[in-house]
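I have placed the structure first, in the form of structure tokens, so that the comments after it can refer back to it.
Each value in this text was obtained by applying a stated rule to the coordinates, not by laboratory testing. Just so it is clear, the structure is predicted and the values come from calculations on it, not from any experiment. Cβ: placed from backbone, ideal geometry, glycine included. Neighbour counts: every protein chain shown.
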């Protein structure tokens, strides 16, 4: 199970991802989530100069609110929601709760 938490606070966005889905290195679900999260992370690092560290099956970040980070956060929420709707038994997604 992949557990995803995304929240918007007054001054920052919070993103946390924990876990795997299926067999490691064999799950299209895990790969899909990883691509979205890694693209978001690398774009934040490149455009916003954020330091976001991730490891195998784990990512946690607090990103200051900017115009760019807002667009990236919304895009991440949309992508993760689309995958979660296709695989609800493999992904727990909490946005803003």
Counting only DSSP beta bridges with both residues in the chain, what percent are antiparallel, rounded to the nearest 5? 75 percent
Of 27, 81, 55, the most mobile residue in a GNM of the chain (C-alpha springs, cutoff 10 Å) is 55
So what are the stretch 2-95's ellipsoid semi-axes, whole angstrom, largest first, if each one is the square root of 5 times an eigenvalue of the alpha-carbon gyration tensor? 22, 14, 11
Placing each pseudo-label 7 Å from Cα in the direction of the beta carbon, residue 14 and residue 71 end up separated by a distance in nanometres of 2.7 nm
